[in-house]
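Below is one structure, written out as structure tokens; comments come after it.
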Amino acid sequence: MATVTNTSNGTYKVVGTRPLRPDGVDKVTGRAKYGADYSLPGMLHGKVLRSPHAHARIKAINVEKALKLAGVKAIVTGRDLPEGENKSVPLGEMSVNPRHLGHNILARDKVLYQGHAVAAVAAVTPYIAEQALELIEVEYEVLPPVMTVDEAMASTAPILDPELRNEELGDQPTNIAKHTQLKRGDIEAGFKSAEIVIEREFRTAMVHQGYIEPHNALATYGSDGRGTIYCSTQGPFEVRGMSAAVLGISPGSIKVVPAEIGGGFGGKTTVYLEPLALLLAMKTGRPVKMVMTRAEVLRASGPTSGSHIKVKMGCTRQGTITAAHVWLAYEAGAFPGSPVAAAAMTVLAPYAIPNVLIDAYDVLVNRPKTAAYRAPGATNAAFAAESVVDELAERCGLDPLDFRILNGSHEGTPHPAGPPYKRIGFIETCEAIKNSAHYKSPLKGANRGRGVASGFWFNAGMQSVAMVHVHADGTASVVTGSPDIGGSRASCAMIAAEVLGVDVDQVRPMVTDTDAIGHTDVTGGSRVTFATGMAVFQAAEDVVRQLKERAAKLFECKPDEVEFRAGTFAAKSNPSTSITIKDLAKRLPRTGGPVTGRAAVNARGVGPAFATACIDVEVDPETGKVEILRCTIAQDAGKAIHPSYVEGQMQGGTAQGVGWALNEEYVYDSQGRLLNSGLLDYRMPTCPDLPMMEPIIVEVPNPGHPLGVRGVGEVSIVPPPAAIANAIYRAVGIRMTELPMSPPRLLKAILARRAEDRTSPAAAARA
Amino acid sequence: MAKVFIPAQMRKLCGGQDVAVLDGTTVGELIEGLGRRFPGVSALLVEAGDLRPSIAVSVDGEIATGGLLERVGPNSEVHFIPAIGGG
């Protein structure tokens, strides 16, 4: 049976404890170097000219006047990039289409969203570069913008990419890049056997990850034909590969140095400025630095999709779900690649449903190309499905958690995409909430309600490399290629310390560049503590193996006659003959030289993550404002290496889910121009908007990891919007079906309900 | 014989079948066998000698890292699922 606990370190010495973060002092003293902190002698400054139109043909670009401006050193346009291949190619965790990627970096024949890059300038100061942008003349033929999936899927819709085809429509131009279908059982028979059927339709707005640090890049290019890019990224190897693909050069000719990162949440898994800075450096022979403004980040980097979702679900009166049909259409932005396939695979994942049909559409619209955002695709989908699950539970007269537990996926349940689950902890997250002080507490007062919802995320494995170096003083360095966006350095140091039997402050973790470590996939998919942690575990074991050989030399025995326990090596035949790691480290030069452990993994054994949230709200019926009164989230971490960091991830994800639920949205005018490209108008939650979020770490160990680790970085964002919608329903009796549930939208629904109550006798009776 | 679960959108090429039982020691051999039995299917799964980038393969409930070279056992269950990325 699973352990539902606030974690204890059990038999571990280091794992499960809460040491100070190794990067903390650098960050609070300002010594940590973020991307924009890098500068080099002779450096130029790059700026990007962006399209004022959401959809337009570029008829001509004239850069003559701009080039004549004193201080301008180079200008590039889409014609300076090679035309990439128009097909998906694998690149680490993701696949990319080099043509689409290149056209997003610099538009070629068409601009496809307001903010689409049209030209880039390098000049001796940022101000001259900005002046030069004003001197570039672009002649556009403005086309009608297509802003929603409904408009884009209509047969009469203007076509964004005349070359786009999908497998089902043959040679017919379309804005639908892909249709994915998942099917199991007999959907008609499933609904026939249902006694209660709910069918609802939902819409969610495009939202941004909201990382505080804007995108940045500093590039150099030497006469030896080698370039270096310093930048803030979740994936230095992806930056290398994508920049090479865009520029048509060898990935091996680029070194990427990842800076400290000021938030990413999936948004820094692709490139925007990096290839441009390198291209301008190649043109000028000088370092080029580029930093986005906040408006550029919101207009032109990758948010996540808005969506239109339909859910039909049926169950017996006793509460057993018999069938579910889900239809999802997600905004891809200007180029294919929304997370709708992930949405299809997550939307029903918490439940064992025998008859399932899921149709998912990836749809082009005149908005920025979407990028990953924490459990990409899952939050929109869960908002829809978990609202319907809540309604079914109510119709059955069941507690919403009991309904989830009754239908919950467990070991052996087939995932909607096919394979059966191994050991998972969904039901345990529901039980943790059910047993929580929060859920057991009464909620009193007018216009207050409590909602619950659950969520799923796959987590990922993939490739990671780690090295562990032993130093003469007995300390160790752990070197990886995984940028630390959520505490992975601490986790890696703790894993190494656990294996080596030393205190964690004796282990120094660091993240290095693409020339100094083997290929390591992106920090994403909640994979670093799982996969890079697995590599660190194995590299530390490699150190122990080598040190046993050294100890054997000193003990004059065979290595397999040496045992290792709690940081001390001893001869099995004579345990009093022993030596600590610290003392052995001093003897390395005379026993064979330095010791470095290494491991490279293509990690298997990924354990998926589930989370369940319980949220209390109070609705102001006069303004539609929702206040979050209390919020508890339970998440299966497998094993929490550093519980404080796990709790931080859970709280951070929940906070983002609250923002997505209540306020955040891209607001466009009828011409496709973004109206809220600053953080005053793009309303992210701040401290006054949020109560203390109470995390409950559930530990159902993942059998695929030596320490039981699952990923923890993403799934906590998934349940909050649905939990809040369900809470609003219990507060004011209105089922919200559109995100964000902002004050104007909720007030409109409240006023509509009041009007209905005044005019409808049935409603009046209900009231 | 391994059990290969056929993705929904490929079933029309497979006479509506959702499962095929096939001989093979690797994912690649199973796909070849599937293609022999149902012409046109293998081209939807394989491109340039590797799994298509948009497709992942699960063998016995585990996302396989070996692509076409992934070993399968005589009683293995193989699913083809959309490849995805995380944030």
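The values are calculated or read from the model by the stated rules, or taken from the named source; none is laboratory data. Because the structure is predicted, anything quoted here is derived from the model rather than measured. Backbone-built Cβ (ideal geometry, glycine too); neighbour counts: all protein chains shown.
Of everything in the stretch A:415-449 that's among the β-branched types (Val, Ile, Thr) and in a helix (DSSP H, G or I), which residue is farthest from the other protein chains (Cβ to nearest Cβ)?
Step one: filter the stretch A:415-449 for residues among the β-branched types (Val, Ile, Thr), giving A:424, A:427, A:429, A:433.
Remaining after also requiring in a helix (DSSP H, G or I): A:427, A:429, A:433.
On the way: A:ILE427: 18, A:THR429: 19, A:ILE433: 24 Å.
Top of the filtered list is A:ILE433.
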Legend entry - Those helices (runs of 4 or more DSSP H) lying entirely in the stretch A:530-606 with at least 2 residues of a type in the set (D, E, K, R) and modelled with pLDDT of 95 or more: A:533-555, A:581-586
Inset, instruction - Go through (1) under 25 Å from the mean Cα position of the chain (by Cα); (2) farther than 30 Å from A:VAL595 by Cβ and name the single condition A:ARG448 misses. - result: (1)
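Answer yes if at least one residue in the stretch A:342-351 is crowded, with 24+ Cβ neighbours inside 10 Å and not hydrophobic (A, V, I, L, M, F, W, C), and no otherwise.
Residues of the stretch A:342-351 that are crowded, with 24+ Cβ neighbours inside 10 Å, as a first pass: A:342-350.
Still in the list and also not hydrophobic (A, V, I, L, M, F, W, C): A:346, A:350.
There is at least one residue in the stretch A:342-351 that is crowded, with 24+ Cβ neighbours inside 10 Å and not hydrophobic (A, V, I, L, M, F, W, C).
Can you pull out the residues in the stretch A:82-96 that are outside any strand (DSSP E or B) and either surrounded by fewer than 22 Cβ atoms within 10 Å (Cβ to Cβ) or in contact with a Pro (Cβ under 6 Å, 6 or more places away or on another chain) (or both)?
Those that are outside any strand (DSSP E or B) and either surrounded by fewer than 22 Cβ atoms within 10 Å (Cβ to Cβ) or in contact with a Pro (Cβ under 6 Å, 6 or more places away or on another chain) (or both): A:PRO82, A:GLU83, A:GLY84, A:GLU85, A:ASN86, A:LYS87, A:SER88, A:GLY92.
Being free of Cβ contacts under 8 Å to residues at least 60 places away in the same chain and assigned to a strand (DSSP E or B), is that true of even one residue in the stretch A:285-296? Even if it seems obvious, please write down each step before you answer.
Just the residues of the stretch A:285-296 that are free of Cβ contacts under 8 Å to residues at least 60 places away in the same chain, to begin with: none.
Within the stretch A:285-296, none of the residues are free of Cβ contacts under 8 Å to residues at least 60 places away in the same chain and assigned to a strand (DSSP E or B).
State whether one or more residues within the stretch A:93-107 are among the hydrophobic types (A, V, I, L, M, F, W, C), within 14 Å of chain B (Cβ to nearest Cβ) and more than 19 Å from A:LEU280 (Cβ to Cβ).
yes
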Legend entry - Selection count, the stretch A:567-588, where residues are under 14 Å from A:GLY474 (Cβ atoms) and either free of Cβ contacts under 8 Å to residues at least 12 places away in the same chain or out of contact with any Phe, Trp or Tyr (no Cβ under 6 Å at 6 or more places or on another chain) (or both): 12
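From the list A:ARG299, A:ARG367, pick out the single residue that is out of contact with any Ser or Thr (no Cβ under 7 Å at 6 or more places or on another chain) and of a type in the set (D, E, K, R).
On the way: A:ARG299 fails: out of contact with any Ser or Thr (no Cβ under 7 Å at 6 or more places or on another chain).
Checking each option against the conditions leaves just A:ARG367.
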Inset, instruction - Considering (1) surrounded by fewer than 17 Cβ atoms within 10 Å (Cβ to Cβ); (2) within 14 Å of chain B (Cβ to nearest Cβ); (3) under 29 Å from A:MET43 (Cβ atoms); (4) of a type outside the set (Val, Ile, Thr), say which one A:GLU130 fails and leave the rest. - result: (2)
Legend entry - The lone exception for A:ALA375 - which of (1) without any contact (Cβ under 8 Å) to a residue 40 or more places away in the chain; (2) in a loop (DSSP other than H, G, I, E, B) it fails: (1)
Inset, instruction - Answer yes or no as to whether A:ALA490 is buried (at least 24 other Cβ atoms within 10 Å of the Cβ), touching a Cys at 6+ places or on another chain (Cβ under 8 Å) and either more than 14 Å from chain B (Cβ to nearest Cβ) or aliphatic (A, V, I, L, M) (or both). - result: no
